[in-house]
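What follows is a single structure, written as structure tokens, with notes after it.
The values are calculated or read from the model by the stated rules, or taken from the named source; none is laboratory data. All values derive from a computational prediction rather than experimental measurement. In this analysis, Cβ positions are derived from the backbone assuming ideal geometry, glycine residues included, and neighbour counts consider all displayed protein chains. These area figures cover heavy atoms from the full protein model, side chains too; ligands, DNA and RNA do not enter into them. Shrake-Rupley method; radii C 1.70, N 1.55, O 1.52, S 1.80 Å.
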Amino acid sequence: MEPANGDVLPTVAGELPIRVVLAKLGLDGHDRGLKVVARTLRDAGLEVVYLGLRQTADSIVAACEQEDADVIGLSMHNAGHLTLAPRMVQAVEKAGLDIPVVIGGIVPTGDVPVLRAAGVAAVLGPGASAEEVVSAVTEAVARRVTR
Amino acid sequence: MLSTRSPDELFAAARDGNRRALGRLLTMVERRDDNAGLVAERAHRDAGHARVVGITGAPGTGKSTITGRLAVVSGGDRPAVLAIDPSSPLTGGAILGDRIRMDDHVSGSAFIRSMATRGHAGGLAAAVPDAIRVLDAAGCDPVIVETVGVGQVEVSIAAAADTTVVVVTPGWGDAVQANKAGLLEVADVFAVNKADRPDARGARRDLELMLDLGHRGGWRAPVVLTTANRGEGIEELWAEIERHTAHLRESDELLRRRGRRHRDEVVNRIELGLRGRARQIIESRSGAAALGRVDRREISPGAAADMLLNSLTGGAGPES
């Protein structure tokens, strides 16, 4: 395979990798899935800012501002998604950011429409393939209104 | 909308502490978009006030933990960290994981930006000094740049600081290794991290032995023992960094170093530009013609290069 980007300065903004912030929100120690997703997205050519465990909505927003992130990926295995995911979306909106939130992990199918209605861009279940993870993230970025 | 604001407006906001504006300015210079030149000009004019510290060393030596701790003990109002991690050479993707080692200690006080090497050495060497100046011009101080000390480029980026700290751990090698590794030649200060492990003193002794053999510029790099995850030795390490800064200022070495860096940067930019032009010319009609003659063994690759180079430096643009 050819090395990406060659060795010259990129000149077109669009040709650079998507920057995704990955985190676990709240008290939730199951980070193996998040590590797999980090690797999957890296292998798909994305730049992953890995925040890991025990983040808050505010700490994730702060990281997104400093990193000028394109998208947030949250992994949730603590059954708190109905509370925490909408809180994340609200925190992003309150900060005036235009950053979609994608959720992965253990989310009962019945909860998916609730999360979507709360502004979550996409929800990925346990069976999601690497391709589905990558396309959920990249499509969420593509759907954004502004950049 | 932030994306529609001019670089001047963004700088004004960034100086007032707006982190989003600062984040956007960094993206502009990193992505080299339409405003990148404007941002870089503006940044260069206003920069030069921050203390710029480079932290480098092998993977897993504790650079990020040290960096996060230093940002706190530095006593700067607005410390900033530029954390550089390698991109995959195959996919161009990257996992930027330095923040998880910092956030606990830094807890919102520092501005932290992760940057991927993106496989293009020359481009990174161009983007990092721009990013440092953007942070500096926005009023951040100190600016701490962290890179993995493998490969000449990463080392040279860390060395593009006023003060460069090289981090090693016990068991990293003996005095012979120390002399071999080009890494150690760029050190203004050494940190022997994970000093709670056996033989930290041995590691320090090996470094001191190497330093006994000679050092440059009237400054002998001090060796500090640190246990960064417990915060031990960090204040002493910062004190040595400050002492080095004072040494630079007193001896005019600061201006000399910055002058040398500016020169290196201009040379690097010229090389990048020429490389781009070289690519253009090789893809042009005259380039294809010259390559054809090389393939038919009418002229050597060297002769073809000379020919094309003449048209490049002769001012005439390549015909396409």
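When B:Ala43, B:Ala47 are checked against the criterion of being touching a Lys or Arg at 6+ places or on another chain (Cβ under 6 Å), in contact (Cβ under 8 Å) with a residue 12 or more places away in the chain and either open to solvent by 20 Å² or more (accessible area, probe 1.4 Å) or within 11 Å of chain A (Cβ to nearest Cβ) (or both), a single residue qualifies: B:Ala47. Residues in region B:63-89 that are under 20 Å from B:Thr117 (Cα atoms), away from chain A (no Cβ under 14 Å) and surrounded by fewer than 22 Cβ atoms within 10 Å (Cβ to Cβ): there are none. Pick from B:Leu248, B:Leu308, B:Leu237: which is touching a Lys or Arg at 6+ places or on another chain (Cβ under 8 Å) and in a helix (DSSP H, G or I)? Step by step, each of B:Leu248, B:Leu308, B:Leu237 is checked, and only B:Leu248 is touching a Lys or Arg at 6+ places or on another chain (Cβ under 8 Å) and in a helix (DSSP H, G or I).
Listed by first and then second residue, the pairs linking a residue in region B:1-17 that is surrounded by 15 or more Cβ atoms within 10 Å (Cβ to Cβ) to a residue that is modelled with pLDDT under 90, with Cβ atoms under 6 Å apart and 6 or more places separating them unless they lie on different chains, are B:Pro7/B:Asn35. In region A:43-64, the residues that are over 14 Å from A:Ser75 (Cα atoms) and facing chain B (nearest Cβ under 8 Å) reach residues that are of a type in the set (Ser, Thr, Tyr) and open to solvent by 10 Å² or more (accessible area, probe 1.4 Å) with C-beta atoms within less than 6 angstrom, at least six apart or across chains, in these pairs: A:Asp43/B:Thr91; A:Gly45/B:Thr91.
Restricting region A:99-145 to residues that are in contact with a His (Cβ under 7 Å, 6 or more places away or on another chain) and in a helix (DSSP H, G or I) leaves a set whose member that is most open to solvent (accessible area, probe 1.4 Å) is A:Asp111. Number of residues in region A:78-95 that are within 14 Å of chain B (Cβ to nearest Cβ) and under 13 Å from A:Ala23 (Cα atoms) equals 0.
In this entry, B:Arg263 is excluded by the filter for residues that are without any contact (Cβ under 8 Å) to a residue 24 or more places away in the chain, closer than 30 Å to B:Ile100 by Cβ, of a type in the set (Lys, Arg) and not in a loop (DSSP other than H, G, I, E, B).
Within the set A:Asp111, A:Asp98, the sole residue that is facing chain B (nearest Cβ under 9 Å) and touching a residue at least 12 places away in the same chain (Cβ under 8 Å) turns out to be A:Asp98.
The condition (being of a type outside the set (Asp, Glu), surrounded by 16 or more Cβ atoms within 10 Å (Cβ to Cβ), more than 24 Å from the chain's Cα centre (by Cα) and closer than 23 Å to B:Arg69 by Cα) is satisfied by just one residue among B:Ala187, B:Ala195: B:Ala195.
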